[in-house]
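Notes follow once the structure below has been shown.
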Amino acid sequence: MLALIVARSKNNVIGKKGRIPWFIEGEQKQFKELTTGNIVIMGRCTYQEIGHPLPGRQTIVVSKSQKYDGENLKSAESLEMALKIARRNEEKAHPQDIFIAGGYELYKAAIPLVDTMYITEVDITIEDGDTFFPIFNIEDFDLEIGEKAGKDIKYTRTIYKRKVLHQ
């Protein structure tokens, strides 16, 4: 499965000054549960915000300017190259899912390719956000509404599954 995973605000913000503009207790639990044991592809800025390879996952960083190599860490110059690396890795190991984990440019390139989008809808408006989730055609997907949670700031887990076109 090729998927993307993201949290966005009511006004579609995913970042502010290179960081996620909120901290919500338990909100990142789904990310860890879904991606552990799988492959995560992310851009250089997203990787630099995290600061290290993700434990229990193969991390592939897309960057034209920097190279990354280490235990469970590779780099690629494009999403296409990252997907080739991920699929080669998949052939060597047991079947693994591939998750795109940001930022904007990777999400934009991945939306036409993904089978599933795990989007956490955060019930907050970020007025001065500077990075937004790309607009996509909702008609291409079936929407499942999942768990609603959060104390001070509420959020809803949603899953967009690509519609299968009948021929």
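Checking each residue in the stretch 138-167 for being over 11 Å from Glu121 (Cβ atoms), open to solvent by 80 Å² or more (accessible area, probe 1.4 Å) and either among the hydroxyl-bearing types (Ser, Thr, Tyr) or in a loop (DSSP other than H, G, I, E, B) (or both) picks out Lys151, Asp152, Val164, Leu165, His166, Gln167. Pick out, from the stretch 1-88, the strands (runs of 3 or more DSSP E) lying fully within it that include 2 or more residues that are under 25 Å from Glu147 (Cα atoms). By residue number, 2-9, 13-15, 39-43. So, in the stretch 125-137, of the ones that are hydrophobic (A, V, I, L, M, F, W, C) and either surrounded by fewer than 17 Cβ atoms within 10 Å (Cβ to Cβ) or closer than 13 Å to Val6 by Cβ (or both), which residue ends up nearest to the chain's Cα centre (by Cα)? Looking at the filtered set, the residue picked out is Phe133. Beta carbons closer than 6 Å, at least 6 apart along the sequence or on distinct chains, pair a first residue in the stretch 35-59 that is closer than 20 Å to Phe23 by Cα with a second that is aromatic (Phe, Trp, Tyr) and at pLDDT 90 or above for Thr35/Phe99.
Sort out which residues of the stretch 69-94 are buried (at least 16 other Cβ atoms within 10 Å of the Cβ) and modelled with pLDDT of 90 or more, and write them in order of number.
The answer is Leu73, Lys74, Ser75, Ala76, Leu79, Ala82, Leu83, Ile85, Ala86.
Would you confirm whether any residue within the stretch 95-110 is closer than 25 Å to Glu147 by Cβ, among the aromatic types (Phe, Trp, Tyr) and crowded, with 18+ Cβ neighbours inside 10 Å? Scanning the stretch 95-110, I find at least one residue that is closer than 25 Å to Glu147 by Cβ, among the aromatic types (Phe, Trp, Tyr) and crowded, with 18+ Cβ neighbours inside 10 Å, so the answer is yes.
The values are calculated or read from the model by the stated rules, or taken from the named source; none is laboratory data. Fair warning: this is a prediction, and the values are worked out from it, not measured in the lab. Ideal geometry is used to build each Cβ from the backbone, glycine not excepted, and the neighbour counts take in all protein chains shown. For accessibility, only protein heavy atoms count, side chains too; no ligands or nucleic acids. Shrake-Rupley method; radii C 1.70, N 1.55, O 1.52, S 1.80 Å.
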